[in-house]
Amino acid sequence: MNLLQRHIFKSVLFSCAAAVGLFAFVLMVGNAVKDLLGYVVAGQLKPEVFAELVLLLVPFVVSYALPIGVLTGVLLVLGRMSAEHEVTAMRAAGLSLPWIARPILLLAALGVLAGVAVNFQFMPWARVMYHVELGNAVRTNPLSFIVPRTFIRDFPGKVLYVGEKQGQTMQDFWLWELDRQGRVKNFIRAESGSFDFDETRGELILNLAHAQAETRDQKNPEDFSAPPPSMSFERTSVRLSLERLFGKNAFQRKLQWYTYPDLLAEWRRLEQPAPPAARRQRALDRMKLQMVVQDKFTTAFAVFSFALIGVPLGIKVSRRETSANLGLALALAMGYYFLTIVVGWFDKHPELRPDLLLWAPNLIFLGIGLWLFRRMDRR
């Protein structure tokens, strides 16, 4: 690699790193607001724990930011070089387009390797640790789960509301228990009460005073043709399991959060003989696993596909404006991910081989990139 190619390599490297950092920051802020803001407002997360959780989001957002960041970096550098006639000067000196693109494609290949490492190791590990650390942080201050004048939906199948809270006492307590369709099947209201926490069982205990309970028809909770039976209690208690929410097995680890050894072990398990009644489900489970593996590979390979299509587009567009190049990169990325989502709709039809169809967006981008490349190189 001579001096000019090293110049192109460094320019694209710095631009890609900045673009990846920008998109990763935007995605990280969005995820932090969506997942952590409620806990921060409720005082359940200390600043150092919040910072640790935000750092654990980095591998997750980088897996998505890497392809679009590389595309943006390539468009920015080549758009500027083309607008300033540097590309024209290199072509006039007899340098071909493949020669100019060689350092960019080398960088893209390194990006593919980085993407594979992130998708198969760092991202799954970080996602699991993120949920474990979040659960541990909340468990250290379980009473802060109750936020006054807020509908609390953190407990599966239940909605809570507390009008006033002072220390471990509360006023105007409401509890709705929902069925699978989100309909109210049981309802409790109490004038006052207090909180307690059972560490051995991981349960939040609500001791209620002057409570009224209402039970509705389990088959048709929305049938109000007859008054639902109700009961009054001078004292009663309700137990809410935090272990179910934040224990070691509190969340179901998704296949996307499996590391490569975990995926390999799961594949070996699914290859075991299954009874005839379970063969259809076993085939669907194998297909979902194959789709996860292929999705990790295709997302990493998208770095190369985006870089290849970015080279002729960057030269052809010839724009120095950052906003224009960002807009073009976002439009291409949205098209790519839309195609990926469409393929994901076939996950319940293994006969269509959706695991192989996941490569279609990459092949389309590679085909368009090679076609533009040849047209540009002939000029």
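Here are the numbers:
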| quantity | calculated |
| --- | --- |
| Residue list for the stretch 323-375, filter: modelled with pLDDT of 80 or more, in a helix (DSSP H, G or I), closer than 28 Å to Gln281 by Cβ and not hydrophobic (A, V, I, L, M, F, W, C) | Thr340, Pro354, Asp355 |
| Ala126, sole failed condition from (1) over 30 Å from Thr200 (Cα atoms); (2) at pLDDT 90 or above; (3) small (Gly, Ala, Ser) | (1) |
| Among residues of the stretch 28-45, those that are in contact with a Ser or Thr (Cβ under 9 Å, 6 or more places away or on another chain) and either surrounded by 23 or more Cβ atoms within 10 Å (Cβ to Cβ) or not in a helix (DSSP H, G or I) (or both), counted | 3 |
| Of residues in the stretch 235-269 being within 21 Å of Gly157 (Cβ to Cβ) and among the β-branched types (Val, Ile, Thr), the one modelled with the highest pLDDT | Thr236 |
| Any hit, the stretch 296-314, residues being of a type in the set (Lys, Arg), assigned by TED's automatic domain parsing to the domain that holds Phe122, touching a residue at least 24 places away in the same chain (Cβ under 8 Å) and part of a loop (DSSP other than H, G, I, E, B) | no |
| Test: residue in the stretch 272-288 that is at pLDDT 85 or above, closer than 30 Å to Phe346 by Cα, of a type in the set (A, V, I, L, M, F, W, C) and not in a loop (DSSP other than H, G, I, E, B) | yes |
| Single match in Leu134, Leu160 (criterion: assigned to a helix (DSSP H, G or I) and hydrophobic (A, V, I, L, M, F, W, C)) | Leu134 |
| Cross-chain or 6+ apart pairs with Cβ under 6 Å, the stretch 124-140 first and of a type outside the set (A, V, I, L, M, F, W, C), then at pLDDT below 80 and surrounded by fewer than 20 Cβ atoms within 10 Å (Cβ to Cβ) | His131/Phe251; Gly135/Ala250 |
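The values are calculated or read from the model by the stated rules, or taken from the named source; none is laboratory data. All figures in this text were calculated on a predicted structure; none of them were measured in a lab. All Cβ positions, glycine included, derive from the backbone under ideal geometry; neighbour counts span all protein chains shown.
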